[in-house]
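Just so it is clear, none of the values below were taken in a lab; they were calculated from the coordinates. Because the structure is predicted, anything quoted here is derived from the model rather than measured. Neighbour counts run over all protein chains shown; Cβ positions are idealised from the backbone, glycine included.
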Amino acid sequence: MRRGRLQRLLRQLVFFAILMGLIAYFAGDAVHGAHGLIAKQRLEAKIAALQQDLSALKARRTRLERDAESLKAKAATEPALLEEEARSVLDLANPADIIIVNDQKTSP
């Protein structure tokens, strides 16, 4: 009898240890896994950074569209002004232009 009781207790301990190991494995994977809590935090931080970039790009696009609208009226009377402004915004030059390099870049 005593031996049967000891075997049953041993089986229960082994079963308990296996279950605890499985719980520890899944808990660790839930935190550190590819789709775990840490990965979620990284993804949310990346989304926030990309949202900031998107809002900055939208503001720049709005500014450029406003500038383009203001140039439409002037373009009909002064096409050279439109060409000069386009080169400035696009950072391009005509092959016949003389270019002076400045170390300090000014943002438009």
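Key figures for this structure:
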{"item": "Span-rule helices in the chain, defined as complete DSSP H runs reaching 18 Å or more along the axis (Cα) with Kyte mean at least 0.0", "result": "2-32"}
{"item": "In Hz, Karplus ³J(HN,Hα) per residue of the range 92-102 (6.51, -1.76, 1.60; θ = phi - 60°; x = Gly, Pro)", "result": "10, 9, 7, x, 8, 6, 9, 10, 10, 7, 10"}
{"item": "Check: the chain dipole with +1 on Lys, Arg Cβ and -1 on Asp, Glu Cβ, in debye", "result": "1900"}
{"item": "Inter-centroid distance (Cα atoms) of the range 16-39 relative to the range 44-90, Å", "result": "50"}
